[in-house]
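Here's the structure, in structure tokens; my notes come after.
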Amino acid sequence: MSKSLLYLQSFWLEKQTGKKCYMIAPRDLLIVWSDTPTYWNWISLPESRFSEVAELLSVCWLEIRGHIKTSMLSPNTVYAAYLVYKLAAMPYGLDHYPAELRADYWMRLETFAAREGETQESYRRERLDGWMEVELGEIYNETGEDGELEMRVMEVKGGNWKGGLLVQGIEIRPQKGK
């Protein structure tokens with residue numbers, strides 16, 4: 001088993017259905033500028049499921065990407081992907097322009113932008129563990145074939161500086177009732 005699977009992902013089975021769920025740790029995400037201490041910091045929070053979370057200090061180019069093999073997911077299941085985060089005491093610049101929120105797999109795609117009549121706020125919610133989540137999109141994993149799901153959060157068009165975001169990871173879990 002790779003180090004990535006041992007340390008940088010959390011796996012569990014959904015209680016009601018026995019279907020697979022994952023959370024990808026921030027160290028296993030591609031976070032642009034995360035290796036530059038001026039822009040991002042790696043901190044430990046006792047309430048996080050991982051040993052470190054990514055703390056956004058200040059960037060004007062926000063880009064977070066995660067990948068998972070669809071063969072790791074349960075077949076014949078609608079999955080949703082969520083950015084799991086908290087806001088620091090003094091967040092700024094995160095509300096100027098809407099971020100692009102996506103979960104892509106081949107051409108089966110439903111994104112935030114494609115859903116008419118709903119606002120970005122309708123996709124944010126507080127979790128029971130005290131973190132927040134925003135839905136990135138959903139996919140139907142038909143046969144569990146060997147494809148790849150890419151999830152991303154991007155805000156690169158506005159050019160405004162933003163900070164105060166704490167990223168625990170990206171969670172992939174079955175969509176209830178689908």
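For the reader, a short list of remarks on this structure follows.
- The strands (runs of 3 or more DSSP E) falling completely within segment 28-106 that include 3 or more residues that are without any contact (Cβ under 8 Å) to a residue 60 or more places away in the chain and in contact with a Lys or Arg (Cβ under 9 Å, 6 or more places away or on another chain) map to 100-104.
- Within segment 20-50, the set of residues being open to solvent by less than 40 Å² (accessible area, probe 1.4 Å) and within 27 Å of LEU73 (Cβ to Cβ) comprises CYS21, TYR22, MET23, ILE24, ALA25, PRO26, LEU29, ILE31, VAL32, SER34, SER48, PHE50.
- Yes/no for LYS69 being open to solvent by 10 Å² or more (accessible area, probe 1.4 Å), among the basic types (Lys, Arg) and more than 20 Å from ARG127 (Cβ to Cβ): yes
- Selection within segment 104-163: residues that are open to solvent by 70 Å² or more (accessible area, probe 1.4 Å), at negative phi and of a type in the set (Phe, Trp, Tyr). The member of this set that is modelled with the lowest pLDDT is TYR140.
- Selection within segment 93-103 - more than 20 Å from PRO174 (Cβ to Cβ) and either of a type in the set (A, V, I, L, M) or modelled with pLDDT of 90 or more (or both): LEU94, ALA99
- Segment 164-178, subset surrounded by fewer than 18 Cβ atoms within 10 Å (Cβ to Cβ) and at pLDDT 85 or above, residue nearest to the chain's Cα centre (by Cα): GLN175
The values are calculated or read from the model by the stated rules, or taken from the named source; none is laboratory data. Every value quoted in this text rests on a predicted model; they were computed, and no experiment measured them. Cβ sites come from the backbone with ideal geometry, for glycine too, and all protein chains shown count toward neighbours. Accessible surface is based on the protein model in full, side chains and every heavy atom, while ligands, DNA and RNA are left aside. Shrake-Rupley method; radii C 1.70, N 1.55, O 1.52, S 1.80 Å.
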